[in-house]
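Worksheet for the structure shown next.
The values are calculated or read from the model by the stated rules, or taken from the named source; none is laboratory data. Please read all numbers here as calculations on a predicted model, not as lab measurements. Here the Cβ is made from the backbone with ideal geometry for all residues, glycine too, and neighbour counts use every protein chain on show.
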Amino acid sequence: MTAQNFDTKEPWVDPVVAEVRAAREALLVEVDYDLHKLCELLRAHQIQAGRRVSSRGPRWIMRVSGEAA
């Protein structure tokens, strides 16, 4: 990591953040910024990867004795 130059007015750009943002933008362009299409695309990627996708069921809320309903 290089030292930041405080003499310039330009903000420091994190290369990892820039890479993630570029990947996000590429995915969004691919689906024309449609959230439903993005979800379908990501689900297709999950299936294509062949990995088991786990999901958790609903969480049960436990009441503490003396707590109002």
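When both residues are 6+ apart or on different chains and their Cβ atoms are under 6 Å apart, which pairs have a first residue that lies in region 38-49 and is more than 13 Å from residue 26 (Cβ to Cβ), and a second that is β-branched (Val, Ile, Thr) and not in a helix (DSSP H, G or I)?
Note: pairs meeting the criteria are 46/53.
Against the conditions (1) at pLDDT 95 or above; (2) exposed (fewer than 11 other Cβ atoms within 10 Å of the Cβ), where does residue 63 fall short? Just the number, please.
Only one criterion in (1) at pLDDT 95 or above; (2) exposed (fewer than 11 other Cβ atoms within 10 Å of the Cβ) is unmet by residue 63, namely (1).
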